[in-house]
Amino acid sequence: MGHILNAGLHGSGYLKNATIPACLIAGNDGLNPEKLNPEKLNNDDLIAADLEISQGKLVRILPAGTPTGLHGTFDLDGGLVLPTLVDMHTHLDKGHVWPRKANPDGSFQGALEAVGEDRTANWSAEDLRARIEFALKSAYAHGTSAIRTHLDSLPPQDAITWPLFAEIQAEWADRIDLQGVCLFGIDRLVDDGRSYLSSIADRVAAAGGVMGAVTYMVPNIDMHLETVFRAAMERGLDLDFHVDETLDPAAVTLRHIAETAIRLGFEGKIVCGHCCSLSVHEEGEAEKTLDLLAEAGIAIVSLPMCNMYLQDRQAGRTPRRRGVTLLHEMRARGIPVSVASDNTRDPFYAYGDLDLVEVYAQATRILHLDHPIADWISSVSSTSADIMNVPHGRLRPGAPADLILFRARSWNELLSRPAGPREVIREGYSIDNTLPDYRELDHLMLER
């Protein structure tokens with residue numbers, strides 16, 4: 001990709017003639033976005049501004065053209081500047097197995113079976129490390145600074161994955177903030193629920209992670225949900241569920257989760273991902289669920305690329321229903337909403353590269369996050385950062401200068417060419433954003 005600026009940034013510099021989103025400006029000494037250049041504020045809330053960077057920090061955001069007399073000035077010629085982005089739902093442990101274990105028919109069941117077989121055969125610490133680090137190098141090069149990943153956590157895999165994840169988390173701490181979420185099917189609690197749940201909850205707590213599960217309409221769903229909630233409450237953990245990843249209108253665990261949160265007075269953060277079945281619920285029933293989500297304070301993350309890949313897939317038949325959830329209706333009720341990468345080159349999604357610019361562009365097209373564009377960029381930045389409680393996703397004076405610089409000058413140019421030129425700045429320095437070569441994983445791709 002190369003540097004957009006002649007020599008790249010080296011800790012300090014003055015970026016003039018930038019275009020920045022008003023919605024992502026934070027803590028600018030009380031300066032309102034409208035004061036930066038009100039005549040330049042358009043319907044997409046983009047502002048012409050200059051950015052001062054010194055000793056690795058974003059010092060000031062000023063109206064474009066402000067005289068400073070500073071050395072090291074770089075003219076961005078109207079190029080868009082974003083903060084580094086936040087990917088709040090991924091599966092790093094599954095990533096990049098496609099060449100050795102593809103989905104046989106593109107179905108959800110095919111994905112479950114293929115991943116199960118690959119996990120049993122191949123998921124050693126060495127295999128996981130190579131694939132996870134490849135994924136992190138990709139995300140870092142694209143401009144991501146925080147990732148939450150769900151980790152398959154049934155025995156014996158949990159004893160391999162969680163210690164390794166702790167090592168990688170520490171090794172990458174100065175580049176990407178990593179959070180781990182345990183992942184198991186809620187039906188696991190039908191058999192040995194209490195012993196398993198206590199063990200995995202203790203492991204998650206020791207790792208500073210998040211409690212999670214895949215929920216579906218099993219008998220006694222409310223009892224099992226309450227068990228998971230109470231395990232989290234006893235250890236002060238947040239919750240992050242996979243929810244109703246199906247187009248079956250009878251799937252309503254999202255409502256049960258909201259009702260459980262309200263009944264127990266859960267005070268931590270709750271995220272529900274996917275929520276596909278909500279898209280096929282009768283309007284009145286969907287609205288009841290949305291009202292409960294708002295009351296419970298639950299955040300939603302949609303995974304549009306993965307769900308478009310899996311949902312309503314039947315061989316030889318064009319898909320009619322696409323499985324994305326009701327983000328517009330949620331936002332209208334004040335429910336925090338995000339979009340994220342989900343799976344990458346594995347049986348659940350054959351493509352992807354942990355590039356949140358691609359995710360945002362695809363989500364805009366799939367979910368109609370346009371007309372107006374408004375502040376939907378928050379769905380891969382500030383909103384996700386708030387849910388994860390990490391200090392990323394905003395242009396904040398005084399914070400590290402972690403930025404993505406684009407040649408694109410508007411949302412339209414960025415969304416039309418999301419793979420266009422960009423330069424990633426971390427703590428005021430231009431990084432080498434060369435992507436890792438897939439050949440680095442070739443030694444893992446033979447069936448064992």
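The values are calculated or read from the model by the stated rules, or taken from the named source; none is laboratory data. What you are looking at is a predicted structure, and each value in this text was computed from that prediction instead of being measured. Cβ atoms come from the backbone with ideal geometry, glycine included; neighbour counts cover every protein chain shown. For the accessible areas, the whole protein counts, side chains as well, though only heavy atoms, and no ligand, DNA or RNA atoms are used. Shrake-Rupley method; radii C 1.70, N 1.55, O 1.52, S 1.80 Å.
What the table shows:
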quantity	calculated
Search result, residues across segment 300-341 that are among the hydroxyl-bearing types (Ser, Thr, Tyr), more than 24 Å from Glu283 (Cβ to Cβ) and assigned to a loop (DSSP other than H, G, I, E, B)	Thr318, Ser341
Residue in segment 201-212 that is part of a loop (DSSP other than H, G, I, E, B) and open to solvent by 30 Å² or more (accessible area, probe 1.4 Å) present	yes
Complete set of residues in segment 173-197 that are open to solvent by 10 Å² or more (accessible area, probe 1.4 Å) and within 20 Å of Arg131 (Cα to Cα)	Ala173, Asp174, Arg175, Asp177, Leu178, Gln179, Leu183
Residues satisfying the stated conditions in segment 317-337, i.e. basic (Lys, Arg) and either more than 20 Å from Ile298 (Cα to Cα) or in contact with a Leu (Cβ under 6 Å, 6 or more places away or on another chain) (or both)	Arg317, Arg320, Arg321, Arg322, Arg333
Test for Ile300: is it β-branched (Val, Ile, Thr), under 28 Å from Phe266 (Cα atoms) and within 17 Å of the chain's Cα centre (by Cα)	yes
Residue list for segment 250-291, restricted to those being in a loop (DSSP other than H, G, I, E, B) and either open to solvent by 50 Å² or more (accessible area, probe 1.4 Å) or in contact with a Pro (Cβ under 9 Å, 6 or more places away or on another chain) (or both)	Ala250, Glu267, Lys269, His281, Glu282
Qualifying position, being touching a strand residue (DSSP E or B) at 6+ places or on another chain (Cβ under 6 Å) and surrounded by fewer than 20 Cβ atoms within 10 Å (Cβ to Cβ), among Thr73, Thr84, Thr90, Thr120	Thr73
Cβ pairs under 6 Å, 6+ apart, first in segment 328-342 and within 15 Å of Tyr360 (Cβ to Cβ), second open to solvent by 10 Å² or more (accessible area, probe 1.4 Å) and part of a helix (DSSP H, G or I)	Val337/Arg331; Ser338/Thr383
Residue match in segment 241-254 (condition: under 21 Å from Val380 (Cα atoms) and among the β-branched types (Val, Ile, Thr))	yes
Residue match in segment 226-246 (condition: open to solvent by 40 Å² or more (accessible area, probe 1.4 Å), modelled with pLDDT of 95 or more, closer than 21 Å to Glu329 by Cβ and in contact with a helix residue (DSSP H, G or I) (Cβ under 9 Å, 6 or more places away or on another chain))	yes
Filtered residues of segment 146-192 (kept if closer than 28 Å to Ser381 by Cβ, free of Cβ contacts under 8 Å to residues at least 60 places away in the same chain and assigned to a loop (DSSP other than H, G, I, E, B))	Trp172, Ala173, Asp174, Ile176
